[in-house]
Each structure stands twice: as C-alpha cells, then as structure tokens.
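Below you'll find the structure, written out as structure tokens, and then a few comments.
Any read-out appearing in this document is the output of simple, stated calculations on the displayed coordinates, not a laboratory observation. Predicted model, so just to flag it, every value in this text is computed and none were measured. Methodologically, a virtual Cβ is constructed for each residue, glycine included, from the backbone with ideal geometry; neighbour enumeration extends over all protein chains shown.
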Amino acid sequence: MAYVWDFSAVSRNADILLDGLGHTLILSLSGIAVGVACGGVLAAMRLSGRRVLSWPALAFIEFYRNTPPLVHFFWFFYGLPMAFGLTLPPFAAALAALGIQSSAFFAEVFRGGIKAVERGQWEAGRALGLSRTRLMRRIILPQAARRMAAPFVERSFELVKTTTLAAALAFHEIIYSAMVIVTTTYRPLEVYTVVAGIFFVILFSASQVAEWLEARGRKAGAR
C-alpha cells in the first residue's frame, strides 16, 4: 500500500514550527557571535609566538575540534550541575556548547587566513615603519579576510545545523518543535521533510548571498 502524503498536519501546526525556527536562528546567531569572539582570541594566542600562550590555545583547539559536539551539550547541561553545582537553562547550555566548540574552528579559519598572506606583505609593512597593530589592520587583515570568507561561511553553516542537537536538552528549537508536532499528528515524514526544506532554503539562500559578496570583494580587491 502506497504511503499517502498529507501536509495539512504541518500547516495546522505552522505556528509551533515557526516559533522553533525563531529560536534556532537566535541560537545560531548567538553561537556565531560567541564563536567569532572567542576564536579571535584563540587565533591571536596561536599567532603570538609565545609558548605560554600558543600551547594552551593549541591544546584547547585540538580538544574541541576532535570531540563530538553532543558531548559538550550534555556536559554543559548535565555535567556542570553535578561537578560545580551550576545549573544552566537549555539555551545557555546550548549556546556555551556551540560557541566554545565553534571558537576552535573559527580560530583555525582566522589563523589560516592570516598565515596565507604572503610574507612579502609583512616585510613591506615593516619597511614602511608600521607598528604590528597598524600592519595587521591596514595590510594583513583586509587580505586575510578575502581568504577567510569561504571557510568562515562553511563553518557558520555547520554551526546552524549543529543547533539541532539542542533538542536533546529540551530547548525549543526547530527539531524539538517538529518532535512535538509529530507526537500529536503521527506524521513524521511530512514534518521532517518540511524541516529539511526550511534548512535548505535558509542555508542555500545564505550561500548565494555569501558567494555574491565574495565575488564583489574579489572585484574590489582587483581594482
């Protein structure tokens, strides 16, 4: 017997799904902000040339890049109360897990972009008598930003998809909302198909905008 698709169950509960989508977007943007801020600090530590700074940063980065994100979600939500008596609400625990783990990946994006700038650019800046801060701001970072664009966007997309793990903490993001709808409608195929479509539309549209901005940046840099 062929399965009969019925998306009316989704349309009747669209408000629940949209509410979950809103929470997903808030968590995603907050996670990117935390990841970028902490990743910038980690990248600076790695590039400092001082072992007292670069080694702890390297250890932190390698640990978070090579452990599964779900473990960190559980650790911040269940582990902190047990180990330190500190209880975080689902959003805060998910944000901590997302932001901190993503900072390790963003740090490598930033470090890779800066290291990719030709050594001659550094030497030219020093020959002009620029301080390290002015050299970074006026010569290195503008060039590094163009090299960082693609991996930065890719990492941001991965973060958005990782927000779905927050459902395990009962945070009302889009997957948790979908689970709620499924328990009352018994229409998992329709509900999760719509969720997949929502993610595709958002991320594909964002990728097109990012490619357009990157193309404009290349043209501006070539002038």
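Some observations on this one:
- Dipole axis of region 99-215 (+1 Lys, Arg; -1 Asp, Glu on Cβ), positive-most option in 203, 151, 133: 133
- Summary of packing: across the peptides 34-40, 77-83, the per-residue average of other C-beta atoms within 10 Å ranks them, highest first, as 34-40, 77-83.
- Point-to-point label distance, residue 4-residue 150, nm (Cα→Cβ direction, 7 Å offset): 5.0 nm
- Length gained on full extension, residue 143 to residue 29, computed as 0.36 nm times the residue gap minus the Cα-Cα distance: 38.5 nm.
- Estimated FRET transfer efficiency (residue 41, residue 179; beta-carbon r; R0 45 Å; 0.05): 0.80
- Full extension of the segment from residue 66 to residue 78, taken as 0.36 nm per residue of separation minus the current Cα-Cα distance, would add 2.2 nm.
- Estimated Rh, region 1-99: Kirkwood, alpha-carbon pairs, angstrom: 16.5 Å
- Computed label-point distance, nm, for sites residue 211 and residue 196 using a 7 Å Cα→Cβ extension: 2.2 nm
- Reported label for calculated Cα extents along the principal axes in Å given (i) 57, 50, 33; (ii) 65, 37, 32; (iii) 74, 50, 28: (iii)
- Under the simplified labelling scheme, the residue 133-residue 15 pair shows an inter-label distance of 5.3 nm, with each label point 7 Å from Cα along Cα→Cβ.
- Dividing the alpha-carbon radius of gyration of region 45-86 by the rule-of-thumb value 2.2 N^0.38 Å gives 1.52.
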